[in-house]
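The values are calculated or read from the model by the stated rules, or taken from the named source; none is laboratory data. If you're wondering where the values come from, they're calculated on a predicted model, not measured in any experiment. So basically every Cβ, Gly included, is an ideal-geometry build from the backbone, and we count neighbours across all protein chains shown.
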Amino acid sequence: MKEIVYVQAGQFANYIGTHFWNTQDAYFTYGEDEQSEIDHDVSFREGSTLKGESTYSPRLLLFDRRSNFGTIASTSGLYNSEDDNPQEQSLWHLERAIFCRSGGVVEYRQEPIPPSDYHTLLEHEAADDRHTANNDDKLKVGPQAADPDVRFWSDYSRVFLHPRSSQRLPDTPDWESTEGNWLWSKETFERHNAGIQVMNDTSTFGGFTSSFLTAYRDEFPKLSCLVFPILSHSLPFSVGADDDAGLRVVVNDALYLHALASLATLTVPVQAPETWVAGAWLDGIELNFRSPFQTSAVLSTHVESATLPLRLKGTMQDLEGLCGVLNWGGSNRFAHLSGAFPLPSPPQADRDLVRRYHDFSLTSGNGKKAVEDPTSRLEFARIYVARGFSSSDRRTLDAWTETRRPTPYTVFAPGYPIPSSFPRFLDSPSLPTGDKLRSPTSRVLSSLHTTSHTSELFKAYFAVIDDCVRRGAEVLGGMGLEKDDALELRDGLSALRDTYVGLEEGDAVTEDLELDDDEE
């Protein structure tokens, strides 16, 4: 079977996931003669409402703190449950105070969170469609989600969730910070164990997901698991020795990546948008780096496109096969996510396939763009997904990939749909199709690849952990790490670093580690 269970944990992961599921919704066709190229059963489950109406809901487990859910109901109206009261569901919380002297109870309620402007417009549009039959409706442009109106990731969601999809975790007190708190994250999982994970915020849900996947592996040791960890905004090569808060989240990232080496079939680390550097890769996009609504849309475009072969009809590709192509040698369990969006037609090799191609997994310590140089490092394997390419565009891409070694595996697919919930940050927005049920599309080139560049990631984390061990940094003990645990983490990162070093460049790491008396 090709079915995939998706799990999202953390606020930004759910921003990305909301765009991802809106894109899946855009693939559905509604005409009697229309045929979708997407196998919806891979990502959706079929059910029925209390009235016997057929429904499709994502195969999704969604974790976040309660206050991050916004106005979304536990059932999202899917089953019209009696408990599905929008007024009640939109309350952040209910507090009661009992005054012993008077013996009375005073009840305090926060004001309900009003629905987003986008959802209000969708409701009005649906009501108009039910009561009118205007032949000109197809020419109308549907409501658009606007960045200033987005308060929560649920504000622009277009799909109905199954009642058991949403897993609300308790909010933390205002005076506590869970960022980089490995112990809190692990303990939270132990209290709310409910499924498996594929995308998460590492800084707040790293320990949670590590424990989650450990339990998953105990039950399903042979099933494939593809993980997209969203790393923290603290880069390991820029954090200072006296920056305890920065060190904590860097150590947290290192712990999670080290754990994923044995828990995940394939891991694709993604750098936080706060670390991105503007450059030619943003040609065609007016991106607000401070907007999670916009930055998550960019990442979702490439995550959804790079994994599209798993959902295309007529393909034999499944999760195990995809991971196997990228890890054909058996030791490359970490990959990179790269891409260019939007792409002009016809694409030019030097301008669009090199200068505008961005590696979202690569770090850069010199303030420059994380640019791919196909000649500077060894590449083990790569899968391209080219979307919306014409015949001439395909020839251009084929001619360019023929020069790369090893030759990449390329999948050509329909253009990337731009639903009305997508940010309006494209310099040249896609033109309407004339049918408001069908989203306009854009050209995208996305890829997953394994490369010796990954050694730079582990080298940076190794250097931080090694320095903390040598100094006996208090941050290690504060995160519950004994010295033996810290040494195991350091040596594990060193081994991962050596696995990805480009031996053809003669830059294998061979230095001996200086051991103190306790380590010998």
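Within the range 14-58, restricting attention to residues that are aromatic (Phe, Trp, Tyr) and surrounded by 10 or more Cβ atoms within 10 Å (Cβ to Cβ), the residue that is modelled with the lowest pLDDT is Tyr56. Going through the range 445-473 one residue at a time, which ones are among the β-branched types (Val, Ile, Thr) and in a helix (DSSP H, G or I)? The answer is Thr454, Val464, Ile465, Val469. Evaluate the range 289-308: report whether one residue or more is among the acidic types (Asp, Glu), touching a residue at least 24 places away in the same chain (Cβ under 8 Å) and within 23 Å of Asp39 (Cα to Cα). Yes; the residues of the range 289-308 include at least one that is among the acidic types (Asp, Glu), touching a residue at least 24 places away in the same chain (Cβ under 8 Å) and within 23 Å of Asp39 (Cα to Cα).
Annotation note: Cβ proximity below 6 Å between a residue of the range 384-401 that is in contact (Cβ under 8 Å) with a residue 40 or more places away in the chain and a residue that is surrounded by 19 or more Cβ atoms within 10 Å (Cβ to Cβ) and assigned to a helix (DSSP H, G or I) (sequence gap 6+ or interchain) occurs for Val385/Ser305; Val385/Ala306; Val385/Leu308; Ala386/Leu397; Arg387/Ser305; Trp400/Leu353.
Among the residues of the range 143-155, are any under 29 Å from Ile113 (Cα atoms), aliphatic (A, V, I, L, M), touching a Gly at 6+ places or on another chain (Cβ under 9 Å) and modelled with pLDDT of 55 or more? No, every residue in the range 143-155 fails to be under 29 Å from Ile113 (Cα atoms), aliphatic (A, V, I, L, M), touching a Gly at 6+ places or on another chain (Cβ under 9 Å) and modelled with pLDDT of 55 or more. One residue stands out among those in the range 227-247 that are at pLDDT below 95 and crowded, with 23+ Cβ neighbours inside 10 Å: the one that is nearest to Tyr6 (Cα to Cα), which is Ser232. Close contacts from the range 314-329, counting a first residue that is within 16 Å of Val385 (Cβ to Cβ) and a second that is of a type in the set (Ser, Thr, Tyr) and modelled with pLDDT of 80 or more, with Cβ to Cβ under 7 Å and a gap of 6+ residues or different chains, come to Leu319/Ser224; Cys323/Ser224; Cys323/Thr265; Val325/Tyr409; Leu326/Thr450. Might you check whether a residue that is over 21 Å from Leu448 (Cα atoms), basic (Lys, Arg) and either out of contact with any Phe, Trp or Tyr (no Cβ under 9 Å at 6 or more places or on another chain) or not in a loop (DSSP other than H, G, I, E, B) (or both) occurs anywhere in the range 280-297? Yes, the range 280-297 contains a residue that is over 21 Å from Leu448 (Cα atoms), basic (Lys, Arg) and either out of contact with any Phe, Trp or Tyr (no Cβ under 9 Å at 6 or more places or on another chain) or not in a loop (DSSP other than H, G, I, E, B) (or both).
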